[in-house]
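Before any comments, here is the structure.
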Amino acid sequence: MKIATWNVNSLRVRLGHVLDWISANEPDVLALQETKLSDEKFPVAALAEAGYEAVFAGQPTYNGVAILARRATLGAPTAVVRGNPLFPDEQQRLISAEVGGLRIVCAYFPNGQSVDSDKYQYKLAWIDALTNWLARRDAAAPATVLLGDFNIAPEDRDVHDPAAWQGLVLCSEPERERFRALIADDFVDTFRMFDQPERSFSWWDYRRLGFRRNAGLRIDHVLVDARLAPRVVACTIDRAPRKLEQPSDHAPVMVELS
DNA sequence: ATGGCCCGTAGAACGGGA
């Protein structure tokens with residue numbers, strides 16, 4: 001079973017890349033962030049034709065998340081929850097559903113803009129609320145996979161230039177503390193279960209030739225319930241779509257479960 | 001050189017992203 005996440009930075013612009021990528025990689029589940037689409041504009045038909053059932057929570061212009069499930073292997077997602085019941089929010093950043101015997105939680109964490117901004121305080125509160133909500137989950141419920149754009153580089157090795165980024169948003173210690181608290185004993189960062197190339201990143205700035213210089217950050221993550229860890233056989237970042245014309249600034253991250 | 005690019009909503013620049 002293959003489970004992937006991808007911040008597409010506009011599903012309208014990136015629909016072709018998404019269709020090509022799912023055709024080439026055949027993920028069973030694909031979580032999308034920054035669809036930037038109101039729900040009536042979601043490309044249900046194109047994805048259905050590609051073999052995927054979608055659930056989504058969108059709004060105009062900003063944010064927007066979705067979970068795609070491969071119909072042939074999984075059918076449609078069920079028990080869909082939009083947002084966090086503990087954190088009423090007009091920004092569409094969270095959707096979860098049961099797929100293939102798992103609880104898939106697709107998250108688009110706030111960016112935070114800068115550590116002295118109101119948006120940073122909103123980011124910290126949003127993360128705390130997510131942590132609290134996930135901590136309350138029923139032990140009898142399906143095992144959880146939490147994946148998406150966390151907008152946090154957990155460690156210095158996830159940053160192309162740790163000195164330049166020291167203390168800045170995405171790398172600040174309060175954000176990293178919250179990443180660790182979210183994981184605690186409950187989740188595993190699947191990427192770090194395996195030997196990985198040095199300087200592995202999932203996002204590169206459009207400016208200043210960020211991708212060519214590999215000036216990136218690892219901010220997109222797939223966390224699995226600790227009891228799923230024995231089933232994880234791989235976690236990889238696919239840089240290929242970042243090389244295409246008019247790419248998303250994020251790369252897909254994919255986990256394979258046995 | 002402290003900004004560079006990209007997206008959506010505009011219907012010109014601007015907010016937001018990271």
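Give the range A:88-97 a look and list any residue that's under 17 Å from A:R136 (Cβ atoms), away from DNA strand B (no atom under 16 Å from the Cβ) and crowded, with 18+ Cβ neighbours inside 10 Å, or say none. Residue satisfying the conditions is A:S96 alone. Would you mind stating whether A:G210 is under 25 Å from A:D238 (Cα atoms), within 10 Å of DNA strand B (Cβ to nearest atom) and either surrounded by fewer than 18 Cβ atoms within 10 Å (Cβ to Cβ) or within 20 Å of the chain's Cα centre (by Cα) (or both)? No, not satisfied. Which of the residues spanning the range A:2-16 are of a type in the set (A, V, I, L, M, F, W, C), more than 6 Å from DNA strand B (Cβ to nearest atom) and surrounded by fewer than 18 Cβ atoms within 10 Å (Cβ to Cβ)? Once the filter is applied, which keeps residues that are of a type in the set (A, V, I, L, M, F, W, C), more than 6 Å from DNA strand B (Cβ to nearest atom) and surrounded by fewer than 18 Cβ atoms within 10 Å (Cβ to Cβ), the range A:2-16 yields only A:L15.
Counting only strands (runs of 3 or more DSSP E) that sit completely within the range A:52-140, those holding 1 or more residues that are polar (S, T, N, Q) correspond to A:78-82, A:94-99. Of all residues in the range A:63-87, none that is under 14 Å from A:E26 (Cα atoms) has its Cβ atom under 7 Å from the Cβ atom of a residue that is basic (K, R), 6 or more apart or on another chain. Within the range A:208-226, the set of residues being basic (K, R) and modelled with pLDDT under 95 comprises just one member, A:R208. In this structure, does A:S258 turn out to be among the polar types (S, T, N, Q) and within 16 Å of DNA strand B (Cβ to nearest atom)? No, not satisfied. Residue count for the range A:213-226 satisfying the condition of being within 11 Å of DNA strand B (Cβ to nearest atom) and in a strand (DSSP E or B): 3. Against the test of being away from DNA strand B (no atom under 16 Å from the Cβ), out of contact with any helix residue (DSSP H, G or I) (no Cβ under 9 Å at 6 or more places or on another chain) and more than 16 Å from A:P247 (Cβ to Cβ), the options A:V44, A:V29 yield a single qualifying residue, A:V44. Does the range A:229-240 hold any residues that are assigned to a helix (DSSP H, G or I) and touching a helix residue (DSSP H, G or I) at 6+ places or on another chain (Cβ under 9 Å), and which are they? Across the range A:229-240, the qualifying residues are A:A229, A:A240. Pick from the range A:159-203 the residues that are within 18 Å of A:V224 (Cα to Cα) and among the aliphatic types (A, V, I, L, M): which of them is nearest to DNA strand B (Cβ to nearest atom)? Of everything passing the filter in the range A:159-203, A:L182 is nearest to DNA strand B (Cβ to nearest atom). Looking across the range A:59-74, just one residue is crowded, with 19+ Cβ neighbours inside 10 Å and over 21 Å from A:R103 (Cβ atoms), and that is A:N63.
The values are calculated or read from the model by the stated rules, or taken from the named source; none is laboratory data. All values derive from a computational prediction rather than experimental measurement. Cβ atoms come from the backbone with ideal geometry, glycine included; neighbour counts cover every protein chain shown.
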